[in-house]
Amino acid sequence: MGNSFSLLSPRTAAASLAVLILGACGTVNLPKMSEIVPSTGNQAVAKLVSKNGSGTTGTVLFTQRGDKVALLVQVFNLAGGPHSLYIHETGNCSSPNAASAGPVWNARGASPGARRSGELPNIVVRHEENATLEAQVAGLSVGTGAANDVIGHSVVVHGKLDPDPKPEFGVINDWLACGVIERYGE
């Protein structure tokens, strides 16, 4: 009498092993989906368009998460190194050098001398001229109509770290991309 057996595929073997291990552990407490992915609040997006002939483009997504705003930034065709990212006062990116976006935004009633409302985390490009940034920012809101609401302002990507960028019309500057922040998903 010959022995007959069949080999399990690697996927089937892995699944069987997982079932055996989990079964041996007794009750498994899996996290609830809301603990892994919080419900989505109001959202806004800025579609970054190239300025000063830079070729830099991208998107900035703002999502209200409780008392903070989650940022998801994707930027393409950006030179390596750190770059400032600011929310500017005016929702206007029509000038060739993005100066129409105005100065860095500070919400009405913000504490003088404190971090300006429009100061976002820096973007760091490590390789391939593309960067992604995920961050949580306090002191902002999305779609609330409050003084700290980001909708209606603009986002500018700067060519280097710049602690106090000033808009200057008619000159080439290092403001590489600009996008107006608009309500998203409605």
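The set of residues in the range 159-186 that are crowded, with 16+ Cβ neighbours inside 10 Å and under 12 Å from residue 118 (Cβ atoms) comprises 165, 181.
Mind checking whether some residue in the range 126-144 is surrounded by 15 or more Cβ atoms within 10 Å (Cβ to Cβ), free of Cβ contacts under 8 Å to residues at least 60 places away in the same chain, of a type outside the set (Lys, Arg) and within 22 Å of residue 53 (Cβ to Cβ)? Yes - at least one qualifying residue is present in the range 126-144. Selection of first residues in the range 146-174 that are small (Gly, Ala, Ser) and of second residues that are surrounded by fewer than 12 Cβ atoms within 10 Å (Cβ to Cβ), restricted to Cβ pairs under 8 Å at least 6 apart or on distinct chains, gives the following pairs, ordered by first then second residue: 147/108; 147/109.
Selection of the range 27-72 for residues being modelled with pLDDT under 95 and aliphatic (A, V, I, L, M) yields 28, 30, 33, 36, 37.
Residues that are buried (at least 16 other Cβ atoms within 10 Å of the Cβ) and either of a type in the set (Asp, Glu) or in a loop (DSSP other than H, G, I, E, B) (or both) within the range 78-89 comprise 78, 84, 89, listed in sequence order. All of 117, 111 fail the test of being surrounded by 20 or more Cβ atoms within 10 Å (Cβ to Cβ) and modelled with pLDDT under 95, apart from 117. From the list 97, 92, the lone residue that is in contact (Cβ under 8 Å) with a residue 12 or more places away in the chain and crowded, with 18+ Cβ neighbours inside 10 Å is 97.
The values are calculated or read from the model by the stated rules, or taken from the named source; none is laboratory data. This one's a predicted model, so the numbers in the text were calculated from it and none came from an experiment. Every residue, glycine as well, gets a Cβ built from its backbone with ideal geometry; the counts of neighbours run over all protein chains shown.
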